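Undergrad: Mind having a look at this structure? Questions to follow.
Just so it is clear, none of the values below were taken in a lab; they were calculated from the coordinates. From a predicted model like this one, the values you see are computed outputs, not experimental measurements. No Cβ is skipped: glycine too gets one built from the backbone with ideal geometry, and neighbour counts run over all protein chains shown.
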Amino acid sequence: MFNQRIVYLCTSLLLIQGVNNTMAQGIPAFLVDIGPYKDFFLAKIADSRKFDIERKEKKHGLSDLLAPVTNDDYYIIKNDNAAKVELGKFLFYDKILSGNKNISCATCHHGLADTGDGLSLPVGEGGQGLGITRNTGKRRHKIHERVPRNAPPVFNLGAYEFAAMFYDGRVEVDPSFPSSCFTPAGDDLPQGLDGVLACQAMFPVTSPTEMAGQAGENRIADATANDNLPMVWHLLAKRLRRNNEYVQLFKAAYPEIRRKKDITFVHAANAIAAYEAVTFRADSSPFDQFIRGNRKALSKMAKKGMRIFYGKAECGTCHSGKFQTDQDFHAIAMPQIGPGKGHGATGHEDFGREAVTGDMGDRFKFRTPSLRNIALTAPYGHDGAYDTLEAMVRHHLDSIFSIKNYDQKQVSLPSRKDLDRIDFLVQNSPELVEQIANASELSEIQLSDNQFQNLIAFLHALTDPNSIDLRKTVPKKVPSRLRLHD
Ligand code: HEC
Ligand code: HEC
């Protein structure tokens, strides 16, 4: 993954030049502009010898297993962000950020649905209702297409190592851009964003299907249709400035905001990122307690399952590190459902990472998801093709058999004839299924029923008890006074 590549690259370059020399002259020039990442990179460099050993261990998925998650793993932490978090909470739940004022971030990442929406694929702008009861909308407001990928949970994303966002990593830390992020917006993305999580928060509002709406429906949607992202952000900031309650919240969160005019969408994105990072930090699972020294925190089954996870079942080769992800991209033959991302001859395939790198070798690769809170966040995979944790794990044990015998009935999608018609175009084509299957990096693994149950018990031990009931993270009303309960 890019961020780690930078670290490796920096580390090896500096080792060749002599770390001490470079460090003695102060901060290396290429690290000056990367804001919150600076300390992280510097620590890595200073610690390069140890890091090298860690890197070797990482191959085996065991490296960070012995190191507990700490505050130092996060670039956004609670202490210095209270006012921003408060503002971010309202923005996250307020439909004011959508073109037609009918959908918020939370519609797809709701506290009551463990920061997802419970659906295989989200119903974006135009739909009505929350979670699995959401419908596809009525008459001229009905949705035009399904959102092509599953709405992922947003736990722990304030940690440095989540340096690439989305299943294909198309928003990524990159110091060579003014914003410090490589994104589809290139140089249009403004400066001043607090990290990659804030960079990400700039984008859902610019997507016609997710939040902006269709051309002709509102000015924000028109700006999106013209690919004028700076105009989208400008119009949204103007909306927020017109609401006195928001103006007060922005002033409280940012000392540099003295007048309404000073409010920009960058401030909004930073606040949303702070809210997500602080509220959805989840590192108190039984597994965490075990790593921190409480040997009794894990049940016998979970302990056995842990050994299987990092041993026989080879899960730890990809689900490595503190958050059970190598932050890299792999092909595991996930069944492809939904409208796809416009790739391939049919236009209904999703090539995953290839669309970002242009490298055919990356076809059907998706980012290894973190497994924190995994028992809470069904459906699974980049398109939510598997509805249960058991089915998702069984898929890994024999991925080729699994994709070829995929049971289409398990999808969680509100039905509508024209949408349903294209949901399984790829799955119904043996030729396309074959291509996805052929790319799979997974080897076949045999587990006894007992071993399988233990493995599942370990995955449950990754659930932070504080994440089970997130009702208290949901605001009771939002400054716009728009409805919250759908
Ligand atoms: C219509 C549903 C929808 C809405 C509304 C929405 N998202 Fe998402 N979100 C998604 C989907 C789908 C993805 C994954 C897309 C992909 O990987 O290509 C995603 C990805 C993300 C990610 C990346 C997570 C990761 O691990 O890579 C974050 C963070 C996020 N959304 C936050 C937000 C914020 C903040 C807002 C509001 C400004 C928002 N989302 C609005 C559906 C939605
Ligand atoms: C070759 C790398 C690799 C190995 C080995 C691997 N996984 Fe995965 N895993 C992935 C990738 C990549 C995804 C996401 C695929 C997608 O979205 O299309 C994934 C998805 C998952 C998911 C769903 C996550 C979510 O949020 O939707 C679970 C659960 C999971 N893996 C568990 C396991 C278990 C348990 C094992 C061991 C039996 C394992 N994985 C082995 C790469 C791997």
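Undergrad: For the stretch 286-465, what is the charge dipole size about the Cα centre, in debye to the nearest 20, if Lys and Arg each add +1 at the Cβ and Asp and Glu each add -1 at the Cβ?
TA: Charge dipole of the stretch 286-465: 980 debye, to the nearest 20.
Undergrad: Now for a separate question. How many nm separate the modelled label positions at Arg239 and His343, each set 7 Å beyond the Cα in the direction of the Cβ?
TA: So the label points at Arg239 and His343 sit 3.1 nm apart.
Undergrad: Here's something else I'd like to know. Calculated FRET efficiency, Lys296 and Ile445, Cβ-Cβ r, R0 25 Å, to nearest 0.05?
TA: FRET efficiency, Lys296 to Ile445: 0.25.
Undergrad: For the pair Ser412 and Lys476, what calculated FRET efficiency results from E = 1/(1 + (r/R0)^6), where r is the Cβ-Cβ distance and R0 = 30 Å, to the nearest 0.05?
TA: That pair, Lys476 with Ser412, gives E of 0.60.
Undergrad: Subtracting the Cα-Cα distance from 0.36 nm times the residue separation, let me have the gained length for Lys142 to Asn428 in nm, one decimal.
TA: Value of the extension gain: 100.3 nm.
Undergrad: Work out which trypsin sites (Lys or Arg not before Pro) in the chain are exposed loop sites (DSSP not H, G, I, E or B, at most 14 other Cβ within 10 Å) and give the longest gap free of them.
TA: Here the longest segment lacking exposed loop sites spans 313-475.
Undergrad: Okay, next question. Report the relative contact order of the stretch 286-465, percent, no decimals, based on alpha-carbon pairs under 8 angstrom and at least 6 residues apart.
TA: 33
Undergrad: Rounded to the nearest 5, what % of the DSSP beta bridges within the chain are antiparallel ones?
TA: The antiparallel fraction comes to roughly 90 percent.
Undergrad: Which residues among the stretch 74-104 fall inside the zone where the amide N is under 18 Å from a point 7 Å beyond the Cα of Ala252, along Cα→Cβ?
TA: 78-94
Undergrad: Taking the Cα centre of the stretch 67-139 as the origin, how large is its charge dipole in debye, to the nearest 20, when only Lys and Arg (+1) and Asp and Glu (-1) carry charge on their Cβ atoms?
TA: Here the stretch 67-139 has a charge dipole of around 520 debye.
Undergrad: Assuming 0.36 nm per residue, please report the length gained on full extension of the stretch Leu484 to Lys261 beyond their Cα-Cα distance.
TA: That pair, Leu484 and Lys261, stretches by 77.5 nm at full extension.
Undergrad: Where the only charges are on Cβ atoms (+1 Lys, Arg; -1 Asp, Glu), what is the dipole of the chain about its Cα centre, to the nearest 20 debye?
TA: Using only the charged Cβ atoms, the result is roughly 1760 debye.
Undergrad: Report, in whole Å, the centroid distance computed from the Cα atoms of the stretch 122-190 and the stretch 84-107.
TA: One Cα centre to the other: 14 Å.
Undergrad: Hand me the tally of lysine pairs in the stretch 286-465: alpha carbons under 25 angstrom apart, and the pair either on different chains or 8 or more positions apart.
TA: Lysine pairs, 8 or more places apart or on different chains, close enough: 21.
Undergrad: Could you pull the Cα extents of the chain along its three principal axes, largest to smallest, in whole Å?
TA: 64, 58, 44
Undergrad: Quick one: check the C-alpha center-to-center distance for the stretch 268-326 versus the stretch 416-486, whole angstrom.
TA: 17
Undergrad: Just need the relative contact order of the chain here, percent rounded to a whole number, with Cα pairs under 8 Å and 6+ apart.
TA: 20
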